[in-house]
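Some notes on the structure that comes next.
The values are calculated or read from the model by the stated rules, or taken from the named source; none is laboratory data. All figures in this text were calculated on a predicted structure; none of them were measured in a lab. Glycine gets a Cβ as well: all are built from the backbone with ideal geometry, and neighbour counts include every protein chain shown.
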Amino acid sequence: MNQEIKVAIVTGAGSGIGKAAALALLQGGYRVVLAGRRQEPLADVAQVSGAPERALVVPADVSDEASVVALFDAALQAFGRVDVLFNNAGISAPGVLLEDLTLAQWQNVVDVNLTGMFLCLRQAFRVMKAQTPQGGRIINNGSISATTPRPNSLAYTATKHAVTGMTKTASLDGRKYGIAVGQIDIGNAATDMTQKMQAGILQANGQTAVEPVMDVAVVGQSVLYMANLPLTANVMFHTVMATNMPFAGRG
C-alpha cells in the first residue's frame, strides 16, 4: 500500500456530522472506513463521495466490544493500518424533564456516547501502538455540550463532559506511542438532529427561540484540518459553531 495515502475510520458515518467528515476525508485523499449500524446509508455515502474505491463500508455497533474489534480488524485487513479515528458516533435521549428520564434512556446514551467512544479509543490505541510507523491521531466528538448544557439534556451532557476527560487522559497516555488525541466541539451544524432548531428550541431562561445553524460541510473541513496535522502537533480542543448561536456569554 502507498503509505502516503492515510487511512481513517469514521464512526457514525452514515449521516450528519459523520457523513460530512467522511466525505471531507475521502475528498482529501484518505482511505476511509465508514462505520455505522446500518449498511445502506454507509453505502450511499461511499457512492456520493466521488471516490468509492477508497471507501470501505463496515456495519458496526460501537457499544459492542466484539463489533469494535471487528471494525478495526476489517480496516487492517483492507488497508494495513489506521492513521486517524474520528470517534463520532453518538445519540441523545428524549428532551424530557430530568426526573422523568428513565434508567433505560440514560443507559442507552451512556452505552453509545461513553462506553462506545472508550471501546473505539482503546482499540485505536492497540492498533496504532503496534503498527509501523507507530502512532496516529484520534479526534473525539465532544459537542459544545461538553462545556455548556441545554435544558433537559442530563444524559447527553454528562457523557459529553466525560468525553473531555477521556480526551485529556488519552492525550497523555498516547504520547509515548506517537498518538495525538484531540476533541472537536460542534455547535448547531445543519443536520437532521438540528432541524428542530429552525422551529424554535428551549433556552436556559425558559423561552423558546429559533437558533442559527451552519453548513455541516464546515465541520467536515474542520475534521480534515485536524487529521492533516503532523503528529508533532495537536489541536486539543477545536470549537466550531454557528457564529450567532447562543453559546458565548449569555446568548
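For the range 41-80, residues that are modelled with pLDDT of 95 or more and on the phi > 0 side of the Ramachandran plot total 1. Looking only at residues that are of a type in the set (Asp, Glu), assigned to a helix (DSSP H, G or I) and within 20 Å of Gly116 (Cβ to Cβ) in the range 35-76, which one is nearest to the chain's Cα centre (by Cα)? Filtering the range 35-76 for residues that are of a type in the set (Asp, Glu), assigned to a helix (DSSP H, G or I) and within 20 Å of Gly116 (Cβ to Cβ), the one nearest to the chain's Cα centre (by Cα) comes out as Glu65.
Looking across Ala180, Ala170, Ala146, one residue alone is closer than 18 Å to His238 by Cβ and in contact with an Asp or Glu (Cβ under 6 Å, 6 or more places away or on another chain). It is Ala146. Could you tell me whether the range 46-59 includes any residue that is touching a strand residue (DSSP E or B) at 6+ places or on another chain (Cβ under 8 Å), surrounded by fewer than 17 Cβ atoms within 10 Å (Cβ to Cβ) and over 23 Å from Ile179 (Cα atoms)? No, the range 46-59 has no match at all. For Ala155, the criteria (1) over 15 Å from the mean Cα position of the chain (by Cα); (2) touching a residue at least 40 places away in the same chain (Cβ under 8 Å); (3) over 20 Å from Gly95 (Cα atoms) hold in every case but one, which is (3). Within the range 146-175, the set of residues being within 27 Å of Val32 (Cα to Cα) and in contact with a Lys or Arg (Cβ under 8 Å, 6 or more places away or on another chain) comprises Ala146 only.
Counting only strands (runs of 3 or more DSSP E) wholly contained in the range 82-193, the ones carrying 1 or more residues that are touching a His at 6+ places or on another chain (Cβ under 6 Å) occupy 179-187.
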